[in-house]
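The values are calculated or read from the model by the stated rules, or taken from the named source; none is laboratory data. All values derive from a computational prediction rather than experimental measurement. Virtual Cβ from ideal backbone geometry, glycine too; neighbours counted across all protein chains shown.
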Amino acid sequence: MKICVIGTGYVGLVTGTCLAETGNTVICVDNDKSKILSLKNGVIPIYEPELEEFVKKNIKEKRLTFTTDIQEGVNPSQIIFICVSTPPRADGSADLSFVENVARSIALYMNEYKIIIDKSTVPVETGQRVEETIKRQLKDKNIEFDVVSNPEFLREGSAIHDSMKPDRIVIGVSSQKAADILTRLYEPFQAKIIITNIKSAEIIKHASNSFLATKISFINEVSRICELSGANIEEVALGMGLDPRIGRQFLQTGIGYGGSCFPKDVSAFIKISEELGYDFKILKAVEKVNAEQIEFFIKKIEKTLWIIKDKKITVWGLAFKPDTDDMRNAPSIQIIEALVKDGAEIHAYDPVAMEKARSVLPEDVVFHDDIYSSLQGSEALVIATEWEDFKNADLDRVMALMEQPIVVDGRNIFDPSLMKEKGFMYTSIGR
Ligand SMILES: NC(=O)c1ccc[n+]([C@@H]2O[C@H](COP(=O)([O-])OP(=O)(O)OC[C@H]3O[C@@H](n4cnc5c(N)ncnc54)[C@H](O)[C@@H]3O)[C@@H](O)[C@H]2O)c1
């Protein structure tokens, strides 16, 4: 099939590449000229395991091309994916201006029947708005089209795996023709396909992310009770998670959720609920707990170190989670800003996110190319992301390099008794 993907970011690039991998001809469009130029040269603008080899292979086999010209993408394609950003507005609602913009451009260049798929995460009723926008823009041109909601569930850090082997594919449609074409498109992925109406598909995405965020805030609250009572959150989470109705995943306590999705999707879900006349009470609490959790962690660092001013503090982990270079809403930003404000000298290390981190972190942060050089003379190590490299660090070397063997671990990556045995003053979350 001939496919156009508009918005070549984390979602668009991965979606386009995986659809090319399964034999389709895909043209990816983006209005960011430098991004398209580097992709044309085989340079991938984001870090995502396996993505580079998949992109290069499909460019070479001529199934994947890139352009800044939306007309070049829309004209020959029967299926058009909208994968542009839907950032939060100041009031928490989703900014849908990119989606509207693209919907208008699609209508402008439509020449025959097209399926327009919304893959960006959007509030319920966006599909209807997209349809109205296209109809208005088409004016009296008599061209058939279907709007579909096909939310994306990939996780950064395992995006190719998640897209090639999805645990479900949700297709929200109002026409049998579009449902049939998309079922065929997704056949090679051998996943459970769920056909719903458009509004249900839109809510499935918001509700899924909000539920996962709820799990995180819930376990973070339980961890506070563990700390206050002397219980151990890791034991509690294991004992809870082995119940299949609860599940092990997303029961890791830490410093709260960040990234480009959960914070904005939770607040957009609260906002659309409000607009529809419902007060989503649980989600408001989820947001509040998440904001408090990182403040609690910053206080923990301050309490452990007593005086922050002029102390040399190392921060390991800058990306919002491991295996990505995405710095959007990374907890490390808030932590480092608070410590810098208190007068600390910050030395930072992340296996892949340092280039992106440089543009968002305070100017005087010192970046290190090597995990161990970041520790030289350090008076405390703060762990903000649970990269495997950190879990496997040589603790004797860490101890030898540090001026003071103090570790404040926001991700519970080390065993407290081992750390004590090695001579560290170690503090973590909920244990
Ligand atoms: N990143 C994730 O893990 C993830 C997962 C599931 C869903 N989503 C959702 O998918 C959407 C995209 O997220 P992302 O992380 O890929 O964002 P992104 O910022 O990485 O990519 C969006 C791209 O759209 C481009 N763009 C914006 N307006 C455009 C226009 N008018 N024409 C052409 N290109 C345009 C931008 O230049 C950018 O490259 C969001 O709604 C997000 O919530 C993201």
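When residues in region 30-73 are screened for being more than 25 Å from the chain's Cα centre (by Cα), in a loop (DSSP other than H, G, I, E, B) and within 13 Å of the ligand (Cβ to nearest atom), 1 of them pass. Counting just the residues of region 117-133 that are touching a Gly at 6+ places or on another chain (Cβ under 9 Å) and more than 18 Å from L276 (Cα to Cα), which one comes out nearest to the ligand (Cβ to nearest atom)? So, considering only residues that are touching a Gly at 6+ places or on another chain (Cβ under 9 Å) and more than 18 Å from L276 (Cα to Cα), the one nearest to the ligand (Cβ to nearest atom) is S120.
The requirement of being farther than 23 Å from N150 by Cβ and more than 15 Å from the ligand (Cβ to nearest atom) is fulfilled nowhere in region 20-29; no residue meets it.
Would you confirm whether any residue within region 134-142 is within 14 Å of the ligand (Cβ to nearest atom), buried (at least 19 other Cβ atoms within 10 Å of the Cβ) and in a helix (DSSP H, G or I)? Among the residues of region 134-142, not one is within 14 Å of the ligand (Cβ to nearest atom), buried (at least 19 other Cβ atoms within 10 Å of the Cβ) and in a helix (DSSP H, G or I), which makes the answer no. Hey, can you tell me all the residues within region 156-188 that are surrounded by fewer than 16 Cβ atoms within 10 Å (Cβ to Cβ) and part of a helix (DSSP H, G or I)? Within region 156-188, H161, Q176, K177, D180, T183, R184, E187, P188 qualify. Scanning region 235-263 for residues that are in contact with a helix residue (DSSP H, G or I) (Cβ under 9 Å, 6 or more places away or on another chain) and of a type in the set (D, E, K, R), we see that the one that is farthest from D95 (Cα to Cα) is E235.
Only helices (runs of 4 or more DSSP H) whose full extent lies in region 338-431 are considered here, and the ones with at least 1 residues that are more than 25 Å from the chain's Cα centre (by Cα), buried (at least 20 other Cβ atoms within 10 Å of the Cβ) and of a type in the set (V, I, T) are 395-401.
Against the conditions (1) in contact (Cβ under 8 Å) with a residue 60 or more places away in the chain; (2) more than 20 Å from the chain's Cα centre (by Cα); (3) under 29 Å from F320 (Cα atoms), F81 satisfies every one except (2).
Condition check ((1) within 16 Å of the ligand (Cβ to nearest atom); (2) in contact (Cβ under 8 Å) with a residue 12 or more places away in the chain; (3) out of contact with any Pro (no Cβ under 6 Å at 6 or more places or on another chain); (4) more than 24 Å from R224 (Cα to Cα)) across all residues:
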residue	(1), (2), (3), (4)
I294	no, yes, no, no
I301	no, yes, yes, no
T304	no, yes, yes, no
K341	no, no, yes, yes
A348	no, yes, yes, yes
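When region 1-14 is filtered for residues that are within 24 Å of the chain's Cα centre (by Cα) and either within 9 Å of the ligand (Cβ to nearest atom) or farther than 20 Å from D69 by Cβ (or both), the ones remaining, listed by number, are I6, G7, T8, G9, Y10, V11, G12, L13, V14. Only one of the numbered conditions (1) near the ligand (Cβ under 10 Å from one of its atoms); (2) of a type in the set (D, E); (3) under 30 Å from D350 (Cα atoms) is not met by E100, and that is (3). One residue is enough: does region 13-27 have a residue meeting the conditions under 22 Å from R155 (Cα atoms), at pLDDT 95 or above, surrounded by fewer than 21 Cβ atoms within 10 Å (Cβ to Cβ) and of a type in the set (S, T, Y)? Yes, region 13-27 contains at least one residue that is under 22 Å from R155 (Cα atoms), at pLDDT 95 or above, surrounded by fewer than 21 Cβ atoms within 10 Å (Cβ to Cβ) and of a type in the set (S, T, Y). Test G92 against the criterion of being within 15 Å of the ligand (Cβ to nearest atom) and outside any loop (DSSP other than H, G, I, E, B), and give yes or no. So G92 fails the test.
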